Every structure is written in structure tokens, then in C-alpha cells.
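Have a look at the structure below, then the notes.
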Amino acid sequence: MNIAEMVDEKLISFGFDAGTKDDVLKGIGRMMYDAGKVNDLNQYIDGLYERESEFSTGIGNGIAIPHCKSDCVREAAFTLVKLNNPVEWETLDGRPVDYVIMLAAPNTSDNVHLKMLSRLAANLMDDDFREGLKNASSVKEITKLFLKYQNQE
Amino acid sequence: MFIVAVASCPVGIAHTYMAAANLKKAAQAKGIEIKVETQGATGIEDELTAEDIARADGAIIASDVRIKNPGRLEPVPTLTVGVSEAVKDAKSVIEELVEAIG
């Protein structure tokens, strides 16, 4: 399986309005719900906040990866959301966040899709992949990037 | 030099794997052989064997949660850091261990 197969246009935005971290968690959490990936919006958002309370998901270079694993998640999914304005977030390099990859993981034994999410996270540690993703301006560019990295493995 | 590491995080889908990727990258850049066990939501991968641990010069635990089976690493000089530290700056983590084991 390839991460490109998990790309869902309903979870992609190249210009999302959010003023605060709360706006991001609630607004992008709702994207997950509206796309049918999550069946209980409040439970999902509570899960995101619970995970944030452990330690922040701002991984540096303007990227945040809020996530949780919950019964309310129907299927593993991720968002690729560019924010119109950077928002304050506790991050590893102190820089604000302008790109949000929100992950939703179900409480199942479906390891294949969970592994895809983990591989996506690991790929974010590659400078070229990360910049390619942040600079992509179409879904096509994103899937092409994913396929390219799949082939390198 | 051969280093073993264990990475783990609260949910087990993201930071564990970012830390593992960075530790590998940082070790390889220094010409250090490394094996990283990931303890994530999908279970344990690349599990450290008794042989791995027996020939390891040092170990790194990158985790904020209690890892499974920590006693295995007892015979090896071990540096414990938060998983975020390995995500943020794996190079420094590797350097700190290398300095400590001299």
C-alpha cells in the first residue's frame, strides 16, 4: 500500500483560516468529521486536547501534527492543511505553525493504515520531503511526492 | 561503535517513528551503526535481540512513557531522553551518548 492511496481531497486545504491553536484543533477536527473519518466530533477533539496535554505536537519547521487514537475514528486518515496565517503553538523550534497534518487513528488492529500514518510522520524528518509537501499547491503534486518517496524505500 | 535504541511515545503513531528516523540519520552521519526498536501502536518492530544488546556499546531510550521490558538494557550504558529530544535534535542525543561512553 502507498500513502498516496490515502490522500483524500476533502482533507486537503491550501488556505485555511485560523487565528489560534484552538481554531486549528476544532476547525480541522471538524474537517475530519465532515469527511466521515470520525463519527463523534466532540470525542475526537477531546482526544486531540488530551494528547496535546502530554507534550505539544509542534514538530518544528512550521509543522504541527495533532493526533489521537480513538474509538470514534472510523478509518485512519490525515489532513494536509496550509494555514493562511501562522498561529502560536508550543513547538520544538519556537516557530509558529503554518502547516497542519492532523492524524486520526482508529482503535483497531488495522496495522496497515496505522503504519502509513507512521511512515508519513517519519518522512517529515526528511528536509526535501517536508519542503516538497509544504510547497505543493495541488493534490496532484502531493500524490506525486508520496509516490516518489515510496519508490525510494 | 554500535548503539541500540528504543523509541516510544504516548499514542504510538507519530513521534516514535520520527525519533527513530532521526536517530538513524544522526548515527549514520557519524559512521555509527545503530538499531532502533520502535514500540508503537502497531506493536514492536525491529526488536532488539539479546545478541544486539550483548554487542552494544551504548543505548538510548527515547521515550516519555514506560517502555516495555526496560531491564534488558541494564548491562549497557544507557542515556534516557524524552522522545521530543530525539525528534528535535537527534545529533546532540547521539553525541551525548558517545561522550558518556567515551
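Among the residues in segment A:64-74, are any surrounded by fewer than 18 Cβ atoms within 10 Å (Cβ to Cβ), free of Cβ contacts under 8 Å to residues at least 40 places away in the same chain and farther than 24 Å from B:Ala41 by Cα? Spell out the reasoning first.
So in segment A:64-74, the residues surrounded by fewer than 18 Cβ atoms within 10 Å (Cβ to Cβ) come out as A:71, A:74.
If we keep only those that are free of Cβ contacts under 8 Å to residues at least 40 places away in the same chain as well, we get A:71, A:74.
Retained after the next criterion (residues that are farther than 24 Å from B:Ala41 by Cα): none.
No, the conditions are met nowhere in segment A:64-74.
For segment B:62-87, the tally of residues that are under 16 Å from B:Ile44 (Cβ atoms) and surrounded by fewer than 21 Cβ atoms within 10 Å (Cβ to Cβ) stands at 8.
Among the residues of segment A:80-133, those that are touching a strand residue (DSSP E or B) at 6+ places or on another chain (Cβ under 7 Å) and among the β-branched types (Val, Ile, Thr) comprise A:Val81, A:Val87, A:Thr91, A:Val97, A:Val100, A:Ile101.
Being more than 17 Å from A:Met6 (Cα to Cα), surrounded by fewer than 23 Cβ atoms within 10 Å (Cβ to Cβ), away from every other protein chain (no Cβ under 11 Å) and in contact (Cβ under 8 Å) with a residue 60 or more places away in the chain is the requirement here; does A:Asn85 meet it? Taking the combined requirement at face value, the residue satisfies it. Being aromatic (Phe, Trp, Tyr), surrounded by fewer than 21 Cβ atoms within 10 Å (Cβ to Cβ) and closer than 27 Å to A:Lys140 by Cα is a condition met by at least one residue of segment A:27-38. Can you tell me which residue is surrounded by the fewest Cβ atoms within 10 Å (Cβ to Cβ) among those in segment B:23-45 that are closer than 29 Å to A:Asn107 by Cβ, in contact (Cβ under 8 Å) with a residue 24 or more places away in the chain and more than 10 Å from the chain's Cα centre (by Cα)? Only one residue fits best here, namely B:Ile44. Just one of (1) loosely packed, with under 15 Cβ neighbours inside 10 Å; (2) touching a residue at least 40 places away in the same chain (Cβ under 8 Å) fails for B:Ala54. It is (2).
The residue list A:Phe78, A:Phe129, A:Phe55 contains one member that is within 13 Å of chain B (Cβ to nearest Cβ), within 13 Å of the chain's Cα centre (by Cα) and not small (Gly, Ala, Ser), which is A:Phe78.
Only one residue in A:Asp71, A:Asp46, A:Asp98, A:Asp128 is under 24 Å from B:Lys24 (Cα atoms) and modelled with pLDDT of 95 or more, so which one is that?
On the way: A:Asp71 fails: under 24 Å from B:Lys24 (Cα atoms); A:Asp46 fails: under 24 Å from B:Lys24 (Cα atoms); A:Asp98 fails: under 24 Å from B:Lys24 (Cα atoms).
Exactly one of A:Asp71, A:Asp46, A:Asp98, A:Asp128 is under 24 Å from B:Lys24 (Cα atoms) and modelled with pLDDT of 95 or more, namely A:Asp128.
Look at (1) touching a residue at least 60 places away in the same chain (Cβ under 8 Å); (2) surrounded by fewer than 22 Cβ atoms within 10 Å (Cβ to Cβ); (3) among the aromatic types (Phe, Trp, Tyr) and you find that A:Tyr49 fails only one, number (1).
The values are calculated or read from the model by the stated rules, or taken from the named source; none is laboratory data. Model, not experiment: these values are computed from the prediction. Neighbour counts are summed over all protein chains in view; Cβ atoms, including those assigned to glycine, are modelled from backbone coordinates with ideal geometry.
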